[in-house]
1. Check every one of the helices (runs of 4 or more DSSP H) wholly within the stretch A:1-118 and list those with 2 or more residues that are within 14 Å of chain B (Cβ to nearest Cβ), touching a Ser or Thr at 6+ places or on another chain (Cβ under 7 Å) and closer than 30 Å to B:ARG18 by Cβ.
2. Quick check: anything in the stretch A:167-176 away from chain B (no Cβ under 11 Å) and within 11 Å of the chain's Cα centre (by Cα)?
3. Would you mention how many residues in the stretch B:13-36 are closer than 30 Å to A:ALA148 by Cα and surrounded by fewer than 23 Cβ atoms within 10 Å (Cβ to Cβ)?
4. Residues that are at pLDDT 95 or above: list the helices (runs of 4 or more DSSP H) wholly contained in the stretch A:145-218 that include at least 1 such residues.
5. Of the residues B:ALA46, B:ALA31, B:ALA70, B:ALA74, only one is touching a Ser or Thr at 6+ places or on another chain (Cβ under 8 Å), in contact (Cβ under 8 Å) with a residue 12 or more places away in the chain and in a helix (DSSP H, G or I); which?
6. Anything in the stretch B:340-361 that is in a loop (DSSP other than H, G, I, E, B) and touching a residue at least 24 places away in the same chain (Cβ under 8 Å)? List them, or say none.
7. Within the set of pairs 6+ apart or on separate chains, which have a first residue in the stretch B:276-288 that is over 9 Å from B:TYR302 (Cβ atoms), a second that is acidic (Asp, Glu) and not in a helix (DSSP H, G or I), and C-beta atoms under 7 Å apart?
8. Would you check which residues across the stretch B:332-347 are surrounded by fewer than 14 Cβ atoms within 10 Å (Cβ to Cβ) and of a type in the set (Gly, Ala, Ser) and list them?
Amino acid sequence: MPPPKKAITDPVLRSYLRARRVPGVAIAVIGIAALSVAIGTWPSRFPTMSSSPAAQVPFWRMLVIVVAVLPIIALHSSLADLEIVATRAFRIRQRQYLVAAALISVASYLAICASVFPTPVIAIMFRGWFGWFGLALLAGALLGWRLAWTVPVCTGIVFWYWGFDSNSQQFHWWEFSARPVLDLPSLLLAVGLVLVGAAAYAATPWRRRRLLRRRQFD
Amino acid sequence: MLLVLLPADVAVLFLRPRYWIGVWPETGAAAQIVAGLTIPLIAGAAAWAAAASSRHKFTEQLAAAQVGPARVEAQRLGATTAILLLPYLLVHLIAVVLTARTNPPGLVLWAGYFGHGLFLSFFSIAFGWFIGRAYRSMFSTVVAAVGALFVSLLLGQVTSLLLTSGPVALTVATGPLVARLVLAGILLVVLLYLPGRRGLRVAAALGYGAGMLGLIVILVTTPVVMPRSPSTSAVCTTGERMKLCLWPEHDKYRPPLQAMADRVATLPAQFTPPAVVNEEGLDPSFGQRYLHPERIPASEPYSFTVIEGSPWSIAGDLANIVLDATLDFRGASGCQWDGLTPANRSQVSSLYAWLEGYIVGAVNPDYHTDAPPDMQQAWATGRALLSDTRQRQFAWAQESLKQLRGQYCRAAS
């Protein structure tokens with residue numbers, strides 16, 4: 001049977017995607033975007049150390065984390081036990097899927113949110129997403145893809161509770177998900193976290209072994 | 001998990017203002033904050049643990065085991081609950097030891113907040129375990145974590161659920177707390193029958209749904225934080241002109257308060273402070289005013305609050321009270337303040353800031369303000385006088401009072 005038009009022609013990528021929960025992620029991202037549009041600006045009343053009203057965490061700052069985490073959790077599949085021994089062909093498709101799924105999900109999320117939120121907030125969401133995505137990659141590489149949410153959510157809790165400095169009435173410099181749009185430390189931190197995540201993703205067991213062995217001979 | 005939760009929970013207790021040490025309700029509230037903060041982690045961990053047998057492809061072996069599935073489940077759920085509760089209990093132990101050193105009254109107020117945090121943890125575990133059992137998917141832990149967080153935050157929009165402080169005038173109400181704990185316990189017991197035979201499984205799922213619904217109804221309809229009945233055993237400072245009374249639990253603030261009462265006693269005779277001022281909540285009408293804030297009577301009795309243990313929060317309230325009583329802002333004895341000019345308004349603000357600093361005995365406040373610039377300017381004028389000699393300060397204050405009275409209190413003078 002000839003493949004239908006516009007379908008993915010690469011058979012390996014097709015079988016890679018078939019084992020993944022792509023529609024599930026897409027539906028979830030749209031759902032989260034809808035939730036952000038509906039209640040994103042509400043103060044969540046999550047406990048904060050500072051009693052200042054400015055320290056309150058609006059719901060959208062939490063929802064961005066979920067958007068960043070979902071494509072990474074979906075790296076897992078019911079064939080995970082088999083995929084451990086997979087080869088270069090598999091890794092290439094995994095990389096293609098990851099980049100595409102991540103960019104498409106964040107783009108569609110931000111596009112839907114842009115109908116309600118002003119541009120600076122969209123920009124802050126995008127910067128925050130980078131940081132969370134990096135942390136999720138790191139967690140996924142360390143603990144397994146299904147637990148990719150752990151490090152971002154733990155970091156989020158720290159940010160929400162301690163992120164606001166009552167003395168200066170500002171968010172701390174490391175609060176990359178809430179600082180003003182044109183804040184350099186936040187930008188560097190978010191980009192740095194993506195690089196850390198990418199490095200953790202690239203540091204596969206065989207690469208680590210090769211790296212260690214080379215050092216032994218030096 | 002424990003390695004992350006333990007240090008994190010202890011950090012939450014100490015990396016914050018430590019005014020809670022020595023006051024039981026604040027001790028309980030400070031130690032239960034972690035239960036609210038870790039809701040997503042507890043729920044996610046519970047979901048992960050619930051799915052462990054299917055994740056390790058061990059369900060067949062368990063199904064064929066001689067022990068009943070409910071018993072196996074009870075051991076797994078029990079172990080998970082014990083491990084996840086351990087850091088919470090430890091944080092309370094540390095907090096209790098620190099406050100018990102000074103042995104203040106009001107231990108029962110601590111117990112209320114302890115119970116509330118316990119309920120939050122049980123709720124998170126029951127929520128996460130059910131999702132881990134019922135939703136077999138790679139997304140189940142993240143759904144449990146984020147779901148528990150959002151359910152509790154959305155419920156927190158309509159009722160007080162994630163508490164951050166334990167004001168001495170309020171208490172965790174016993175009835176609603178017990179109802180919450182009992183329902184959370186029922187949810188945990190029902191969960192044991194989820195892996196059983198099909199009929200039992202459906203019944204357990206239905207029971208869980210009903211229990212959850214009942215819990216939500218109770219959460220929304222019965223507020224868990226209520227005003228206390230006024231204490232008959234208030235502790236009071238001595239004071240020739242103004243006596244200050246505190247809740248007995250706040251006895252540790254009596255020495256600084258005594259100093260403030262003493263400084264009020266040295267004010268010039270033109271100041272006429274009320275003879276007794278209570279801490280908020282000691283007045284019998286407080287409960288009604290707390291429950292029905294829209295029905296605040298025109299002249300509610302004077303009271304002060306201790307915010308985060310700050311002496312400036314007390315002095316600010318006292319300065320307002322002394323000025324209010326001295327200048328008759330409520331118009332009880334013939335003063336008319338409706339036509340206050342901007343210049344005179346600044347004068348009142350300067351007097352307020354001076355009085356606040358004078359009562360607390362310091363110049364630089366410990367709080368931040370977003371008051372309008374002209375008001376801050378007036379405050380700075382008043383505070384600048386504090387480093388002058390006492391004689392000149394009093395002369396300026398008397399002159400200001402005289403001017404203001406002369407303009408707005410003709411009937412009285």
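1. A:59-73
2. no
3. Of the residues in that region, 4 qualify.
4. A:150-162, A:184-202
5. Details: B:ALA31 fails: touching a Ser or Thr at 6+ places or on another chain (Cβ under 8 Å); B:ALA70 fails: touching a Ser or Thr at 6+ places or on another chain (Cβ under 8 Å); B:ALA74 fails: touching a Ser or Thr at 6+ places or on another chain (Cβ under 8 Å).
Sole residue among the options that is touching a Ser or Thr at 6+ places or on another chain (Cβ under 8 Å), in contact (Cβ under 8 Å) with a residue 12 or more places away in the chain and in a helix (DSSP H, G or I): B:ALA46.
6. From the stretch B:340-361, those in a loop (DSSP other than H, G, I, E, B) are B:340-341, B:361; that's our starting set.
Within the stretch B:340-361, B:LEU340, B:GLY361 meet the criteria.
7. Hits for this filter: B:PHE286/B:GLU280.
8. The answer is B:ALA332, B:SER333, B:GLY334, B:GLY339, B:ALA343.
The values are calculated or read from the model by the stated rules, or taken from the named source; none is laboratory data. All values reported here derive from a predicted model rather than from experimental measurement. Every residue, glycine as well, gets a Cβ built from its backbone with ideal geometry; the counts of neighbours run over all protein chains shown.
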